[in-house]
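J.: Sharing a structure with you now.
Readers should treat all values here as calculations from the given coordinates under stated rules, not as data from a laboratory. Everything numeric here is computed off the predicted structure, so don't read it as measured data. Virtual Cβ from ideal backbone geometry, glycine too; neighbours counted across all protein chains shown.
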Amino acid sequence: MSPFMIKLGIWPKGQSWFGVFCITIGSSVIFPFFVTSGLQFAPASDAGALAPGMIPIWTAIAAYFITGERPGNLALIGLGLILAGVLMVGLWSSLFALNVTVFKGYLLFFAGAGLFSVYAVIYRQSGITAIHGLVIGLFWGALLVGPGLLLTGQVPFAQANLNEIFYMLILQGIIIAILALLLFNLAVRLLGAPQAAAFGALTPVLALLGGVWFLEESISVVKIVGVIIVSSGVFLASGAVSDRGVDKTLS
């Protein structure tokens, strides 16, 4: 990605200090840190429901305070469904099982979703292209995180085999760090933030299936119903369906 960094630049021009902070490390450092930290305490299937499921709620709040945008009636219904689904997915484990450790993971998922929503609103306002937003995040994320990991010694390559290192390079270095963020930025620029968010409704379902198939996590009936409700709520809250035609996109 170095050629793009040289050509496009690594600094978001014309932004406030808060906008610079969000665009430089909001998606490349802050959001991944909170979500991956939460995975140490809570199952991946819960992360798939709670992290992306809460993004529309946080986005609506962030858009209201930053741009003054108000959600439509169907979007409000969707937000209500998301809250109901999140309670079914989250509180079933933390309250009924009295698992305080899992609840810590949920709080980290909520925090990560909220911070990513602020990034989405700021990025939409900035007018920066998808590829430019990507290289800005990659540069500053690597610049800040890389030295910190080396100084703290939290790079356990000695305990990992070459296959594990290779898989993580592909997964974290290419699929997540480059492809996922680039496609998200493209979707926001081409479709608008609400329409792009509609595809987030697929994330809880895919995470649920992945947690069962690949990680052999146990999924209760309550969680399955909660994930379905969250997915339905995300679709409505995204603005892809509106009772007033087409909802305003984030400006």
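J.: Using a 7 Å offset from the Cα along the Cα-to-Cβ direction at both residue 87 and residue 151, what is the distance between the two label points in nm, to one decimal?
T.: Placing both labels 7 Å along Cα→Cβ, they lie 4.5 nm apart.
J.: Quick one: if the Förster radius is 22 Å, what FRET efficiency do residue 64 and residue 206 give, using the C-beta to C-beta distance and rounding to 0.05?
T.: 0.15
J.: Just to be sure I understand the model, the point goes 7 Å from the Cα along the line to the Cβ. What's the resulting residue 169 to residue 18 distance in nm?
T.: Inter-label distance under the simple model: 4.1 nm.
J.: Mind giving me the nanometre distance, one decimal, between the label points for residue 37 and residue 131, set 7 Å out from Cα along Cα→Cβ?
T.: Label-label distance for residue 37 and residue 131, simple model: 3.4 nm.
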